[in-house]
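**Student:** Dropping the structure in here first, questions after.
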Amino acid sequence: MAGKRIAVIGTLDTKGAEHAYVADCLREFGHRPLLIDLGTGGPATVTPEITRAEVAATGGLDLAALVATGDRGTCVAAMCEAAPVLLARLAAEGLIDGVISLGGGGGTALGTAAMRALPVGFPKLMVSTMASGHTAPYVGSKDIVMFPSIVDVSGLNRISRPLFRQAAAAIAGMVDAGRAEAPEDRPLIAASMFGNTTRCVELARAVMERAGYEVLVFHATGTGGRTLETLIGDGLMRGVLDITTTEWADELVGGVLTAGPHRLEAAARAGVPAIVVPGCLDMVNFGARDTVPARFAGRTFHLHNPQVTLMRTTPEECAELGRIVAEKVNASTGPVRVLVPTRAISLISAPGQPFHDPEADAALFESLRRHLDPAIPLVEMDAAINDEVFAEACAESLLELLRRD
């Protein structure tokens, strides 16, 4: 039986030999490479099966006009728009089963832009000089494997040759593994969780699972929130338990775990039934204590572990967070409810804990009341977020919204 079809994408003008070598390895492993040229400089040094002009045309671009500008950045940016269109079409039509690319800065931007257009679970691997640094802009909310190239992707040598071969073997293995069939077809619920809301989410998940739902839990670390939003937008979620909206504190104040300004928008836009809780809005996340910016000197801190330092939000910040959360929820096109645990919004904001601050909590709750659309139910409970009664209320409230929807 013929092997699977694996797209080998990259700038074949400057890195043609390297991509051709990977293609040869894939053939040796029993698969069929599909060479796709994303270059915009000189002529391709190897013959692609899909040319750069065809890639550009798929995205509605005039490649000749772009190249004529002489601006490499403009050309790369344009191909970053066209390549995802092509890859998504090839995958949707069942013409490719995986994708691999090699590159430096520009090549990584091109390759991963195309990969981000592919669904979660579709094999994707990027061999890159950027793989040992900050990879979030390249990976986004998708499952892209970043494989360090060690040396620059510039020729075949005693370092690059075995690494490229191993990368080819890795994508071949990913494709061979196929996609595991789900053992059951229960409707999916998304839940957001932090260490400081774990008990609440675990208790709520148990209620949802007894009711016949499967709960996917996302760690609210920025990437987790972005992934949650992406999968809701992809139409995979039947409902949302957004118990841990802490990423908005990092976005507002300048912490390291922000999910960006569009957090809390996907469910609202898609009309997916949702429960929203101001979970862990008492904290902003930083790395080790010596990484906290000097401008925050004098604030209240808690060492979560040697790598994570938490900073308590102020009453002024909490008031603004209440406004933001309310306005995001107000945009909901489907059933939504806000639940507030007035005794503690995290494990460490309860009385006697390091982030207990009644003034800051009061500012948050008052802002939610003031800015939330009166037509949207706001349920305040005399409970801490991790109390069983609150967790069960979150789950039962979502079940009620799902029955109505």
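**Student:** If I ask for residues that are in a helix (DSSP H, G or I), over 18 Å from A168 (Cα atoms) and aliphatic (A, V, I, L, M), which ones from the range 115-150 would you list?
**Tutor:** Hits for the range 115-150 are A136, V139.
**Student:** Go through (1) more than 26 Å from P374 (Cα to Cα); (2) outside any helix (DSSP H, G or I); (3) out of contact with any Asp or Glu (no Cβ under 7 Å at 6 or more places or on another chain) and name the single condition S332 misses.
**Tutor:** In the conditions (1) more than 26 Å from P374 (Cα to Cα); (2) outside any helix (DSSP H, G or I); (3) out of contact with any Asp or Glu (no Cβ under 7 Å at 6 or more places or on another chain), S332 misses (1) alone.
**Student:** When residues of the range 335-361 are filtered for being in contact (Cβ under 8 Å) with a residue 24 or more places away in the chain, more than 15 Å from T246 (Cα to Cα) and in a helix (DSSP H, G or I), how many remain?
**Tutor:** Matching residues across the range 335-361 total 1.
**Student:** Still on this structure, I have one more. Select, from A172, A206, the only residue that is buried (at least 20 other Cβ atoms within 10 Å of the Cβ) and not in a loop (DSSP other than H, G, I, E, B).
**Tutor:** Exactly one residue qualifies, and that residue is A172.
**Student:** Kindly provide the set of residues from the range 258-310 that are surrounded by fewer than 22 Cβ atoms within 10 Å (Cβ to Cβ) and either closer than 21 Å to N386 by Cα or outside the structural domain of E400 (by TED's automatic domain parsing) (or both), ordered by number.
**Tutor:** H302, L303, H304, N305
**Student:** Given the criterion among the aliphatic types (A, V, I, L, M) and in the same structural domain as I100 (by TED's automatic domain parsing), identify the matching residue among A211, A170.
**Tutor:** A170
**Student:** Considering the range 70-92 alone, what residues qualify as being modelled with pLDDT under 85 and either among the basic types (K, R) or surrounded by fewer than 12 Cβ atoms within 10 Å (Cβ to Cβ) (or both)?
**Tutor:** Those that are modelled with pLDDT under 85 and either among the basic types (K, R) or surrounded by fewer than 12 Cβ atoms within 10 Å (Cβ to Cβ) (or both): G70, R72, G73.
**Student:** Still on this structure, please answer the following. Suppose we filter E317, E400 for residues that are free of Cβ contacts under 8 Å to residues at least 12 places away in the same chain and not in a strand (DSSP E or B); which single one remains?
**Tutor:** Testing whether each residue is free of Cβ contacts under 8 Å to residues at least 12 places away in the same chain and not in a strand (DSSP E or B) leaves just E400.
**Student:** Restricting the search to the range 19-44, which residues are of a type outside the set (D, E, K, R) and surrounded by fewer than 16 Cβ atoms within 10 Å (Cβ to Cβ)?
**Tutor:** Listed by number, the residues that qualify are G30, G41, G42, P43.
**Student:** Of all residues in the range 240-262, which are in a helix (DSSP H, G or I) and among the β-branched types (V, I, T)?
**Tutor:** The answer is V253, and nothing else.
**Student:** Separate question: Please note which helices (runs of 4 or more DSSP H) are completely contained in the range 1-71 and include at least 2 residues that are within 30 Å of the chain's Cα centre (by Cα) and over 17 Å from A114 (Cα atoms).
**Tutor:** 16-28
**Student:** With the structure loaded, tell me whether D250 is touching a residue at least 60 places away in the same chain (Cβ under 8 Å) and of a type in the set (D, E, K, R) or whether it fails that test.
**Tutor:** No, not satisfied.
**Student:** Please go through (1) modelled with pLDDT under 95; (2) surrounded by 21 or more Cβ atoms within 10 Å (Cβ to Cβ) for I96 and return the number of the only condition it doesn't satisfy.
**Tutor:** Only one criterion is unmet by I96, namely (1).
**Student:** Criterion first (assigned to a strand (DSSP E or B) and in the same structural domain as W248 (by TED's automatic domain parsing)) does R323 satisfy it?
**Tutor:** The answer is no for R323.
**Student:** Hey, could you check the range 364-402 for residues that are out of contact with any strand residue (DSSP E or B) (no Cβ under 9 Å at 6 or more places or on another chain) and buried (at least 21 other Cβ atoms within 10 Å of the Cβ) and say which is nearest to T198 (Cα to Cα)?
**Tutor:** Restricting to residues being out of contact with any strand residue (DSSP E or B) (no Cβ under 9 Å at 6 or more places or on another chain) and buried (at least 21 other Cβ atoms within 10 Å of the Cβ), the top hit is A391.
**Student:** Enumerate the pairs (first residue in the range 110-125 and outside the structural domain of A92 (by TED's automatic domain parsing) and over 17 Å from P148 (Cα atoms); second residue anywhere and assigned to a strand (DSSP E or B) and at pLDDT 95 or above) with beta-carbon separation below 9 Å, excluding pairs fewer than 6 apart on the same chain, so at least 6 apart or on different chains.
**Tutor:** Final answer for the pair search is none.
The values are calculated or read from the model by the stated rules, or taken from the named source; none is laboratory data. As the structure is a prediction and not an experimental result, all values here were calculated from the model. Neighbour counts run over all protein chains shown; Cβ positions are idealised from the backbone, glycine included.
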